[in-house]
Amino acid sequence: MATNDYESVLKMLEEITTNARQIQEQLLGEILSKNAETEYLQGFLHGQTDKQLFKKNVPIVTYDHIKPYIDRIANGKASSDILLVEPLIGFSLRYEFSVISVSVFP
C-alpha cells in the first residue's frame, strides 16, 4: 500500500472517530429512508422516517424477536422486503455448541 493510501485511510478513520455521532445520525437517516416501508418498521413507524420517532418507538430486540421474520424469508414464504428493501443474497448458519440451536442470519 502506498503512503498516500495509508494517509487517506488514516484521514478517514480520524474523521469517522471525530464525527461519530454525526455519521451515525446520517447513516440512521439513510437506513430509515430506504427501509421505512418494510413490514417490520411499518409496525413501529407507519412509513415515517423521523429518527426521533425511531429511537422512541423501535425497541432494541434480540435475534429471537426477529427470528419469525427471518424464517419466513428463508423459507421463501414472503418477499425479502419484510426486514429491508434490498434483496437478500444469502443466509449464514451459526452453530452454538453450548446451546442446542441453529441461528439463520441474513
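The values are calculated or read from the model by the stated rules, or taken from the named source; none is laboratory data. Since this is a predicted model, take the numbers as computed values, not measurements. Positions of Cβ are generated from backbone atoms using ideal geometry, with glycine treated the same way; all protein chains shown enter the neighbour counts. Side chains are part of the model used for accessible areas, which takes the heavy atoms of the whole protein and leaves out ligands, DNA and RNA. Shrake-Rupley method; radii C 1.70, N 1.55, O 1.52, S 1.80 Å.
Of all residues in the stretch 50-77, exactly one satisfies the criterion of being free of Cβ contacts under 8 Å to residues at least 12 places away in the same chain, surrounded by 14 or more Cβ atoms within 10 Å (Cβ to Cβ) and not charged (D, E, K, R), namely LEU53.
Listed conditions (1) touching a Phe, Trp or Tyr at 6+ places or on another chain (Cβ under 7 Å); (2) closer than 22 Å to ILE73 by Cβ are all met by PHE44, apart from (1). Of the numbered criteria (1) open to solvent by less than 80 Å² (accessible area, probe 1.4 Å); (2) within 14 Å of the chain's Cα centre (by Cα), the one GLN42 fails is (2).
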